[in-house]
Amino acid sequence: KQASKQASKQASKQASKQWFNIDLFKLIMVYAVVAIHTHPFENCKDKQTVDFLLFIFDLAVPFYFLACGFLLAMKSKELNEKDTFISIKSHTMKILKMYLVWTAVYLPIAIYHFFDIKETPIKAILLYLRNFIFIGEQYNSFQLWYLLSTIYSLDIILILRIAKKRLALVCTSIVASILSILFSILPNYDGTFHGVALMLQNIIRYSFGNGRLFYGLVFIPIGMIIAGRKISTLMSISMLIGGIVVGCYVENSIINWYSLIIASIGLFCIVINIRVNKNEVYLYMRNLSTIIYLVHMYVWTFFYYFVYGNRTFGIVPFMFTAVISTIIGIIVILVQRKRCEL
């Protein structure tokens with residue numbers, strides 16, 4: 001068993017180091033995540049430009065999910081079913097630990113928020129537990145939902161044992177995409193429901209709230225499928241441009257959702273077709289993107305609280321958050337590197 005785990009770890013390490021292009025774009029995409037949360041174009045009056053930029057920013061998290069599935073599949077290519085199971089389980093446990101740690105890190109902000117809105121202790125605890133289990137975020141820790149979605153998605157993949165079964169991956173992604181739409185539309189539906197439909201609406205409204213938690217189960221299987229196929233650059237560019245055009249100019253939530261999926265696949269396939277020279281700097285980029293992703297909401301919260309006194313969006317909060325989060329990330333990496341040298 002120990003030897004199997006060791007083999008899985010070694011395969012994982014070797015495979016992950018071959019995709020420096022993904023590491024590079026993870027760093028680029030993390031600034032899109034910062035932009036999603038700080039709204040740098042809050043005061044822009046050009047709606048078309050804003051819609052275009054928001055759509056581009058929205059490609060960031062799907063990119064991370066696709067990368068997760070792709071890299072896990074690449075690591076598993078030379079492994080048997082048992083070692084594949086161990087590899088995915090190991091990665092799931094790593095994400096779970098990260099989710100638990102960073103949920104605890106953001107606990108003080110959540111507590112402050114509950115006190116600020118004068119919430120009763122019992123209701124605050126219940127809301128916190130609901131958000132922890134079903135939503136993946138608390139007040140100003142929006143980015144943690146990605147971790148929870150990844151955990152649930154990989155758990156389902158492990159339970160269904162579909163990591164190397166392409167048709168099952170396709171079906172899982174399609175079903176998850178439909179569920180994400182239903183879970184997003186039903187809670188906000190203005191019409192009148194009765195009986196089972198009303199009960200279902202209330203269950204979703206007071207638990208998941210929306211279908212975002214299914215996103216991982218949409219994109220991670222697609223990333224795994226991409227790992228076994230060669231998609232031309234021309235096809236990838238067509239998917240990216242077509243998805244962006246339709247997503248920006250067609251005002252329909254369902255069409256927009258599938259346009260985002262297509263555009264995300266196109267972008268990811270373009271990235272994996274890019275070849276970059278092997279360089280240690282890309283490994284630091286990988287770590288830097290993770291640190292920025294995890295800490296930037298703390299940076300933004302402290303900035304707007306002490307500078308403006310309330311939640312504030314715009315280009316200044318974005319720039320400050322991006323720069324300070326990057327500096328924190330670089331410092332952490334340098335400290336870690338120094339410790340390794342000792």
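Scanning the chain for GluC sites (Glu not before Pro) that sit in a DSSP loop and have at most 11 other Cβ atoms within 10 Å, the longest stretch containing none of them is 1-250.
Rounded to two decimals, the Cα radius of gyration of the stretch 24-77 over 2.2 N^0.38 Å is 1.42. The loop-placed trypsin sites (Lys or Arg not before Pro) in the stretch 249-290, going by DSSP, that have at most 14 neighbouring Cβ atoms within 10 Å of their Cβ come out as ARG275, LYS278.
Backbone phi angles across the stretch 61-70, fed through the Karplus curve with coefficients 6.51, -1.76 and 1.60 (θ = phi - 60°), yield HN-Hα couplings of 5, x, 4, 5, 4, 4, 4, 4, x, 4 Hz in residue order; Gly and Pro are listed as x. Express the relative contact order of the chain as a whole percentage, based on alpha carbon pairs under 8 Å and six or more residues apart in sequence. In percent, rounded to a whole number, it is 28. In the distance distribution for the chain, Cα-Cα pairs more than 33 Å apart total 29 percent. With Cα atoms as the point set, the radius of gyration and Dmax of the stretch 246-323 evaluate to 17.9, 46 Å. Here the Karplus relation 6.51 cos²θ - 1.76 cosθ + 1.60, evaluated at θ = phi - 60°, turns the backbone of the stretch 77-91 into coupling constants of 4, 9, 9, 7, 4, 5, 6, 4, 4, 5, 4, 5, 4, 4, 5 Hz, with x for every Gly and Pro.
Amide H contacts of TRP19: none lie under 5 Å away among residues 5 or more positions distant or on a separate chain (H built 1.01 Å from N in the peptide plane; Pro and chain starts excluded). Under Stokes-Einstein, with the Kirkwood radius over Cα pairs as Rh, the value for the stretch 112-240 at 4 °C and 1.567 mPa s is 77 µm²/s. With 31 Å as the limit, the listed pairs LYS89/LYS278; LYS47/LYS97; LYS26/LYS47; LYS77/LYS97; LYS47/LYS230; LYS26/LYS164 have LYS47/LYS97; LYS47/LYS230 beyond it between alpha carbons.
Helices in the chain, meaning DSSP H runs of at least 4 residues, each add -39500 (n - 2.57). Divided by all residues, the mean residue ellipticity at 222 nm is -25500 deg cm²/dmol. Using the Stokes-Einstein relation with a Kirkwood hydrodynamic radius computed over Cα pairs, the translational diffusion coefficient of the stretch 59-186 at 20 °C and a viscosity of 1.002 mPa s comes to 130 µm²/s.
Subtracting the Cα-Cα distance of LEU334 and ILE237 from their residue separation scaled by 0.36 nm leaves 31.2 nm.
Karplus-derived 3J(HN,Hα) values for the stretch 306-315, using 6.51 cos²θ - 1.76 cosθ + 1.60 with θ = phi - 60°, are 7, 8, 10, x, 8, 4, 9, 10, x, 5 Hz; glycine and proline are entered as x.
Computed from the coordinates by the stated procedures, all read-outs in this text should not be read as laboratory data. Not measured: the values here are computed from a predicted model. Note that each Cβ is placed from the backbone with ideal geometry, even for glycine, and that neighbours are counted across all protein chains shown.
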